[in-house]
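**Student:** Let me begin by handing over the structure; questions about it come next.
The values are calculated or read from the model by the stated rules, or taken from the named source; none is laboratory data. Keep in mind it's a predicted model, so treat the numbers as computed, not measured. Backbone-built Cβ (ideal geometry, glycine too); neighbour counts: all protein chains shown. Note: areas computed on protein heavy atoms with side chains; ligands, DNA, RNA excluded. Shrake-Rupley method; radii C 1.70, N 1.55, O 1.52, S 1.80 Å.
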Amino acid sequence: MLEGIRGYMMVRMRKMHRKYERLRNLICPQARSIIAEEDVKARKCLARASTNDRVEVRIGAAGFVVDLGSRDCTCGAWQLSGIPCCHAQSAMGLMRLNVEDYVHECYLVTTARKVYAHGMPCMSGPQTWPSAEGYPVYPPIQKAMPGRPKKKRRKEAAELEVRVHKNGSGQPIGREGMVMHCSKCRGTGHNARKCPNPPFVPSELVMENVQGRGTRGRGTRGRGTRGRGRGQQGGSNEGGRGQPMESQNEASKPKRAIHCGKCKQPGHNARKCPLNMGIQFPRAENAGIRSSAEAVGTQPTEIDATQGPTTQPQ
């Protein structure tokens with residue numbers, strides 16, 4: 001990082017040296033722009049000369065005294081910056097003096113040329129540096145401090161105060177003075193993790209659940225006796241409102257056949273499978289008996305090892 005800064009400063013000083021070598025003015029460009037701004041303000045001033053290079057300058061109801069001999073003004077701007085203020089330029093215009101002759105010497109082009117004349121010396125790489133004698137220097141060992149490490153940075157005194165936005169809305173920056181709102185019950189003073197209240201339900205959903213209102217439209221059979229039905233499945237015999245849409249959809253859907261995962265038979269699941277109670281269905285050797293039982297309409301029952309499979313009429 002330091003090597004990068006040194007290289008940047010070396011290039012910058014050469015650039016500034018060439019810039020000021022080409023200038024033919026007496027004052028630097030930055031100072032000339034400030035003089036031009038103060039000259040616009042000086043046009044509104046009224047100057048009245050006195051003895052000993054003193055001039056009284058008035059701008060509106062305010063008045064200032066400019067001493068051209070000691071190069072100061074009672075406003076204090078000329079002493080601080082070294083560039084004549086608007087009151088001093090008004091006095092110089094009254095006395096027919098050149099403003100550039102009263103600018104401090106640090107703003108002269110000749111001074112800038114002396115500053116950037118030497119430049120930054122060049123430097124060879126670390127492979128040519130002589131090795132240091134003694135023990136090598138290592139960075140200090142970082143010691144883990146007791147306690148939990150802090151993640152928040154230390155704020156300055158000015159940041160601890162409650163600041164407001166630039167738009168003047170009056171809301172403080174940060175979380176100071178903010179009211180917490182719960183996303184679960186829409187209440188204040190707590191968050192959703194510590195909410196003691198039931199969830200918030202909009203009033204529209206409550207009314208729909210109470211009335212059981214579905215979508216508008218005719219039913220499957222069209223109109224009822226008195227009028228159109230309201231709901232997805234259609235009107236009842238007396239018209240009016242039908243059942244909720246979800247219950248009607250569930251009633252209209254055909255039930256899926258349940259298949260057992262153990263015996264692959266329909267009508268039950270693996271938990272209520274007859275194989276768990278010792279009932280066995282005929283397999284390969286009893287395929288003929290099973291097919292005949294199915295043709296007659298009988299149901300297989302428990303098989304005895306000595307007597308063989310038996311059927312029981314339904």
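**Student:** May I ask you to compute the full-extension gain from E204 to R148, defined as 0.36 nm times their residue separation minus their alpha-carbon distance, rounded to one decimal in nm? Intermediate values should be presented prior to the final figure.
**Tutor:** Details: separation 56, 0.36 × 56 = 20.16 nm, distance 4.92 nm.
So the extension gain works out to 15.2 nm.
**Student:** Could I ask something else about it? Excluding residues on the same chain fewer than 8 positions from K19, give the lysines whose Cα lies under 24 Å from its Cα.
**Tutor:** Filter leaves K114.
**Student:** Counting only protein heavy atoms and a 1.4 Å probe, tell me what percentage of the stretch 2-102's accessible area is made up of carbon and sulfur.
**Tutor:** Numbers: 3540 of 6500 Å².
Percent of accessible area from carbon and sulfur atoms in the stretch 2-102: 54.
**Student:** Let me ask you something else. Before I look further, what does the stretch 28-101 give for accessible area per residue, probe 1.4 Å, in whole square angstrom?
**Tutor:** Values: 4310 Å² over 74 residues.
Per-residue accessible area for the stretch 28-101 comes out at 58 Å².
**Student:** Here's something else I'd like to know. Per the Kirkwood treatment, what hydrodynamic radius in Å, one decimal, follows for the stretch 1-76 from the mean inverse distance over all distinct Cα pairs?
**Tutor:** About 16.2 Å, per the Kirkwood formula over Cα pairs.
**Student:** Using the Cα centre of the stretch 1-76 as origin and beta-carbon charges of +1 (Lys, Arg) and -1 (Asp, Glu), tell me which of T74, G4, I34 is placed farthest towards the positive end of the dipole.
**Tutor:** Among T74, G4, I34, the one farthest towards the positive end of the dipole of the stretch 1-76 is G4.
**Student:** Cα gyration tensor of the stretch 1-156, axes a ≥ b ≥ c as square roots of the eigenvalues: rounded (a/c below 1.5), prolate (a/b > b/c) or oblate?
**Tutor:** Numbers: a/c = 3.90, a/b = 1.91, b/c = 2.04.
Since a/c reaches 1.5 but b/c is at least a/b, the shape of the stretch 1-156 is classed as oblate.
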